[in-house]
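The values are calculated or read from the model by the stated rules, or taken from the named source; none is laboratory data. Note that this is a predicted model, so its numbers are computed, not measured. With ideal geometry, Cβ positions are generated from the backbone for all residues, glycine too; neighbour counts draw on all protein chains shown.
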Amino acid sequence: MGRKRKTQGRHINGILLLDKPGGITSNGALQRVKNLFQARKAGHTGSLDMQASGLLPICLGEATKLSGYLLDSDKYYQAVCKLGIETSTGDAAGATISTKHVPELTKQKVEDVLAQFHGDISQVPPMHSALKHKGQRLYQLAYQGIEVERKPRVVTIYELALIDLSGDEIEIRIHCSKGTYIRTLAEDIGNKLGCGAHLKSLRRLGAGPFRAEQMISLDELERLAEAGSGALDQQLLAMDTVLVHLPEVELSESVAYYLRQGQAVVVPHAPTEGLVRMYDQHRTFIGVGTVLDDGRIAPQRLIRTQT
């Protein structure tokens, strides 16, 4: 029997807030970051389209266990919609499938249309998306010229504000729930304006608790890499920063021991429901727990702190 190949790389834990450039896939950006850090394990927290730029949180090491909590978080975007042209993909990468006259628009008219998308709305996911149909990604089917029926899904638009109106382009700011497709939103706005539209450009400016001003570019990371791994590691955020919205509990040494063994534990003065972020008596982050009906806290996602 052949010997199992040992995984190479550093044991390093943390979250990097990458400013992904346009023209590279999220996975391509992830692999470049992983190689720069020489990390043993890495994963991102929800893809950005190849043409899109902006915030792509990348989890290294044990932080990959927390990526799901960012997938479920709100997102913030800035987008430019090109009016009068509809494309096969809903964005600038697709072929033009129709052109329409763009009526004379005022700021008030556009804002009135945008107001119709506030709150809960129904979206049909685009064919050019990463959703799966019978085991295949929709975009893989789309590239084969195959279109399948997609069920509408409800998403929430918390903010949809007009930044600029210039000729046949509108620039908008969006705060939305997980699962919102901005290219679909652009198309639907174009339809409401009576001329169609596609997404010309997209930049993600926030995800969960993270914002654009915290991002670092690939070019800057490559420059820091020349100074050694220490300079890179200083760019990492602590793993628990993704969970700042959760109440925290501190466990005694004995309670932390039993919880690490997978047992539900009693924690005095703990919240009575929901999820909590947990720390031991040394303020070492342990992971995420869930409050049971009887008030005990059970481990949901434990973080291994040993290297």
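Of note:
- Test: residue in the stretch 263-270 that is assigned to a helix (DSSP H, G or I), modelled with pLDDT of 95 or more and farther than 17 Å from Tyr77 by Cβ: no
- Criterion: in contact with a Leu (Cβ under 6 Å, 6 or more places away or on another chain) and assigned to a loop (DSSP other than H, G, I, E, B) - qualifying residue of Leu221, Leu246, Leu232: Leu246
- Yes/no for Ala298 being in contact with a Leu (Cβ under 6 Å, 6 or more places away or on another chain) and either assigned by TED's automatic domain parsing to the domain that holds Phe37 or among the aliphatic types (A, V, I, L, M) (or both): yes
- Any strands (runs of 3 or more DSSP E) falling wholly within the stretch 5-75 and containing at least 2 residues that are under 14 Å from Leu236 (Cα atoms) and in contact with a His (Cβ under 9 Å, 6 or more places away or on another chain): 53-60
- Among (1) touching a Pro at 6+ places or on another chain (Cβ under 8 Å); (2) among the hydrophobic types (A, V, I, L, M, F, W, C); (3) over 14 Å from Tyr77 (Cβ atoms), the one test that Phe210 misses: (3)
- Scan of the stretch 280-307 for residues that are closer than 20 Å to Leu60 by Cα and in a strand (DSSP E or B), ordered by number: Phe285, Ile286, Gly287, Val288, Gln300, Arg301, Leu302
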